[in-house]
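Reading through the structure tokens given below for one structure.
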Amino acid sequence: MLERIQKENDIKNLDMEELPVLAQEIREFLVEKVSRAGGHLASNLGVVELTMALHLVFDLPEDKIIWDVGHQSYTHKLLTGRKEGFDSLRSYGGLSGFPKRKESQCDAFDTGHSSTSISAGLGLVEAREIRGEDYHVISVIGDGSLTGGMAYEALNNASHLKTNFIIILNDNHMSISENVGGMSKYLSHLRTADLYTGLKKSVTNVLEHVPVVGNAMIEQIRKTKSSIKQLVVPGMLFEDMGITYFGPIQGHNIPMLLRALTEAKKVEGKIKKYKGKIELYQRQRLLRYVIALSDTI
């Protein structure tokens, strides 16, 4: 499968049943190359399916993907035709271990420091609106990078947007070492909010079997879902800032990732529910999404 990826968007030519094979081949390739040249291994092994989903849903280089810190962009480089360059990974004049615009027009932002992707994405969104252009901006940030002050300044400014801007929180429980502090504890609460997810699934499953009025009751619950979530999920920092939160979802489940990203890219759309497993909703048509991924290591 990997030999069929010669340039950006080639992954779109693969069938769904071929994608797990590609993911396995990518991991084997990364292990082989990084073991020889050095580089960031674990962070890249963890985002293989996420990167594949991003390349399947969005069109590069028109759409802009910004990686934070950038050390998890190896799969992105593979999917944009830079496979041969991995023999010179992180060597003088060779393939960079981070996104580089001079390497590829699919690299939207040169980066190598944490907590910058949301700010950079916000700048691209503002430029897009000023110039009247039409493309999507996706900032990927890890839970470790989310502890940096620049990320919160950007989130604060992003909450005032009235246009689409997608932020993916890649929550893999780790950065360079184990995360500590208040944000790490907060994200742990979101990951383990089984009371909310379990209650939602159980209630929905029951009501779906109620004739005539069942679907109407489900629809009414959806309208008040935000208030219910506030009661049973501690904090909901992103929702309180006016940013629609969607997650957490399993970061290695490609069909689930594809559904989530496809919904997040829509400028307008109705509330949609995925058989009681995931819900995505819009508030006041201000479409700014935080999609949280869990267990991506």
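The values are calculated or read from the model by the stated rules, or taken from the named source; none is laboratory data. Just so it is clear, the model here is predicted, and its values are computed rather than measured. Because the Cβ atoms are built from the backbone with ideal geometry, glycine has one as well, and the counts that use them run over all protein chains shown. These area figures cover heavy atoms from the full protein model, side chains too; ligands, DNA and RNA do not enter into them. Shrake-Rupley method; radii C 1.70, N 1.55, O 1.52, S 1.80 Å.
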For the stretch 66-95, pairs from a residue that is within 14 Å of Arg4 (Cα to Cα) to a residue that is surrounded by 21 or more Cβ atoms within 10 Å (Cβ to Cβ) and among the polar types (S, T, N, Q), with Cβ under 7 Å and 6 or more apart or across chains, are Leu79/Thr51
*Considering every residue within the stretch 52-75, establish whether at least one is touching a Lys or Arg at 6+ places or on another chain (Cβ under 7 Å) and assigned to a helix (DSSP H, G or I).*
yes
Of the candidates Ala154, Ala127, the one satisfying the condition of being touching a Leu at 6+ places or on another chain (Cβ under 8 Å), open to solvent by less than 60 Å² (accessible area, probe 1.4 Å) and among the small types (Gly, Ala, Ser) is Ala154
For the stretch 136-146, the count of residues that are open to solvent by less than 30 Å² (accessible area, probe 1.4 Å) and not in a strand (DSSP E or B) equals 4
Considering every residue within the stretch 5-21, establish whether at least one is assigned to a loop (DSSP other than H, G, I, E, B), within 20 Å of the chain's Cα centre (by Cα), closer than 23 Å to Asn170 by Cα and at pLDDT 95 or above.
yes
Inset, instruction - Output yes when any residue across the stretch 101-124 is open to solvent by 30 Å² or more (accessible area, probe 1.4 Å), touching an Asp or Glu at 6+ places or on another chain (Cβ under 7 Å) and among the charged types (D, E, K, R), and no when none is. - result: yes
The correct count of residues that are touching a residue at least 40 places away in the same chain (Cβ under 8 Å) and of a type outside the set (S, T, N, Q) in the stretch 1-31 is 14
Sole miss for Ser73 among (1) buried (at least 18 other Cβ atoms within 10 Å of the Cβ); (2) modelled with pLDDT under 95 is condition (2)
Of the residues in the stretch 1-58 that are over 24 Å from Ala260 (Cβ atoms) and among the polar types (S, T, N, Q), the one that is least open to solvent (accessible area, probe 1.4 Å) is Ser35
